[in-house]
Amino acid sequence: MITSILAFIVVLGITITIHEFGHFAMAKLLKIRVLVFSIGFGPKLLGFTRGGTDYRLSPFPLGGYVKMAGETYDSDREGAPDEFLSHPRWHRFLVAISGPLMNIFLAVVIFTYFFTQGVYEPRYLREPAVVGPVVENSIAGRTGLQTGDRILSVYGNSVNTWQEMEIALLTAPKDSLDIRVLRGDRVLALHFDTKEVDEKSIDAVEPAILGFKAPIPKTIVHKVSSGSPADAAGLQAGDQILSVNGNGKTGNTYSQILNIISESEGIPLDFEIFRPQDGAEFDAWQTPMNQIPGEIIKLAITPVEKDGQVIIGFQYDVPLIRHQYGVGASMLESIRFNYEQAALTFRIIGRMLKGSASVRTLSGPIGIAQISGDYARARDLGVFVKFIGFISLQLGIFNLLPIPILDGGMIALLIIEGVIRRDLSLNLKEKIVQVGFVFLILLMGFAVFNDLSKVIDFERIFG
């Protein structure tokens, strides 16, 4: 919990401070008088005054704030030319939009750096959503999903790649997991029965939970679980499983091998393994096996049931794509990547509004804190910094939504006033802000409830 809290403070502290710095920098550039620029909230701990601005450090490090002269209609306005509301609409528009843009800029900078260093992703994510091995007696297996099926849509949302399919599954309501698949020349409609997912209190589903995986060109062992049947038999990381024979079946492809394992609880299976020579350097996915020094060995392994799945206890490797570019190309790639993420966010919001995505996927501060802690505990600074970039992008997008009291609400009002060429009445603006405030409180309350419901069984407590 302490790690999660500290990581949460770091993530929000950085992203919100950057956001407020955007407002501050633009206000200074446009000669708007900034009274306070604070890192953190609460009483002033230390600081200094320069150029009429009180720069301060405050004790609660969840971001910060900027206070400008005459920025609200109910403030002590004097009508001075350096007050916020004394400036033209386009100045106020630039100040409002600069905060979200700084968050987006931070995300672009972070991912630009990582693209210069090299970014890896599983190759299958960009490939068509063709089903690989299907676990026997899993949700997918009982539904009738088969190896080789190509998933065309999830809950009415068309999908082309594995990445699109995984996102569609994660955001679809659990009780409406209807999919369409292409099998041969036939299009079939299937429905996943997710009762056992509900019993495990899982809020969003993914292929592994449903019981199917992506197709992989080879079966290469990435890691062997300690104390598992595979470990006891002598299977090692780096081994390539060539074939499996037993239970009346023989398989040599990745899908066939995993399917046979899942159907053979308690039944000994004969594995033919290629084990590379120690110290041999090669690309396991590109180098033909006959060009790799090593030996063929045979192992007998009996699958066991664990957590509802029949396994032998190994993690398989997946082929990765490495993206690395020069600085200029990395910036362009980062812009493209962040644009895709932003477009995806808006698509998911649109699906939620239409009812074709589950609002249960919304996360609030508790969820962000939990995820922040997970990334911090991974002890991988690069992964944690990427998460900061992701949250910064989402914060920028969220603040651009036309919700009163958010930057997007101010931007929308300024655009409306610009179109009608006059200011809206103060009374109307106050009512809009009040409605926006209530909406935002309800939204945050729902997000917090979503977070809590993932760890607390409210139905059992209050039912």
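The values are calculated or read from the model by the stated rules, or taken from the named source; none is laboratory data. As the structure is a prediction and not an experimental result, all values here were calculated from the model. Every residue, glycine as well, gets a Cβ built from its backbone with ideal geometry; the counts of neighbours run over all protein chains shown.
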*With the checklist (1) at pLDDT below 90; (2) in a strand (DSSP E or B) in hand, flag the one item Arg56 doesn't pass.*
(1)
*Whichever residue in the stretch 259-285 is part of a helix (DSSP H, G or I) and not aliphatic (A, V, I, L, M) and, among such residues, is farthest from Gly313 (Cα to Cα)*: Asn259
*Assuming Val109 fulfils every condition listed in (1) more than 30 Å from Leu12 (Cβ to Cβ); (2) under 25 Å from the mean Cα position of the chain (by Cα) apart from one, which condition is it?*
(1)
_Looking only at the stretch 268-295, filter to residues that are β-branched (Val, Ile, Thr) and modelled with pLDDT under 95; which one of those is farthest from Ala214 (Cα to Cα)?_
Ile292
*All helices (runs of 4 or more DSSP H) inside the stretch 386-463 with 2 or more residues being in contact with a His (Cβ under 6 Å, 6 or more places away or on another chain), more than 24 Å from Val95 (Cβ to Cβ) and at pLDDT 90 or above*: none
_When you check Thr171 against the structure, is it farther than 30 Å from Phe337 by Cβ, hydroxyl-bearing (Ser, Thr, Tyr) and modelled with pLDDT under 80, yes or no?_
no
_Return the residues of the stretch 314-325 that are in a loop (DSSP other than H, G, I, E, B) and under 17 Å from Gln240 (Cβ atoms); say none if nothing qualifies._
Asp317, Val318, Pro319
_Failed criterion for Ala230 (all others in (1) assigned to a loop (DSSP other than H, G, I, E, B); (2) among the aliphatic types (A, V, I, L, M); (3) touching a Phe, Trp or Tyr at 6+ places or on another chain (Cβ under 9 Å) hold)_ = (1)
*Which members of the stretch 21-44 meet the condition of being touching a residue at least 40 places away in the same chain (Cβ under 8 Å), aliphatic (A, V, I, L, M) and surrounded by fewer than 19 Cβ atoms within 10 Å (Cβ to Cβ)?*
Ala25, Leu30
*On the given criteria, is Val66 crowded, with 19+ Cβ neighbours inside 10 Å and under 30 Å from Lys386 (Cβ atoms)?*
yes
*Kindly establish whether Gly99 is at pLDDT 85 or above and closer than 22 Å to Ile411 by Cα.*
yes
_Scan of the stretch 285-311 for residues that are among the acidic types (Asp, Glu) and under 14 Å from Ile267 (Cα atoms), ordered by number_ = Glu305
_What are the pairs with Cβ atoms under 8 angstrom where one residue, in the stretch 154-172, is closer than 15 Å to Ile349 by Cβ and the other, located anywhere, is of a type in the set (Lys, Arg) and at pLDDT below 85? Sequence gap at least six, or different chains._
Asn157/Arg351; Thr171/Arg351
_Restricting to the stretch 24-53, name every residue that is aliphatic (A, V, I, L, M), more than 29 Å from Asp423 (Cα to Cα) and in a loop (DSSP other than H, G, I, E, B)._
Leu45
*Which one of these is closer than 21 Å to Gly227 by Cβ and of a type outside the set (Val, Ile, Thr): Asp283, Asp307?*
Asp307
*Which listed residue, of Asn259, Asn252, is within 15 Å of Glu136 (Cα to Cα) and under 36 Å from the mean Cα position of the chain (by Cα)*: Asn259
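Look at Gly99 and say whether it is touching a residue at least 24 places away in the same chain (Cβ under 8 Å) and in a strand (DSSP E or B).
Taking the combined requirement at face value, the residue does not satisfy it.
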*Under the condition of being among the aliphatic types (A, V, I, L, M) and over 20 Å from Thr219 (Cβ atoms), which residue from the stretch 128-164 is surrounded by the fewest Cβ atoms within 10 Å (Cβ to Cβ)?*
Leu152
_Count - residues of the stretch 278-300 that are within 39 Å of the chain's Cα centre (by Cα) and surrounded by fewer than 16 Cβ atoms within 10 Å (Cβ to Cβ)_ = 12
*Please indicate, with yes or no, whether at least one residue in the stretch 107-127 is without any contact (Cβ under 8 Å) to a residue 12 or more places away in the chain, of a type outside the set (A, V, I, L, M, F, W, C) and surrounded by fewer than 19 Cβ atoms within 10 Å (Cβ to Cβ).*
no
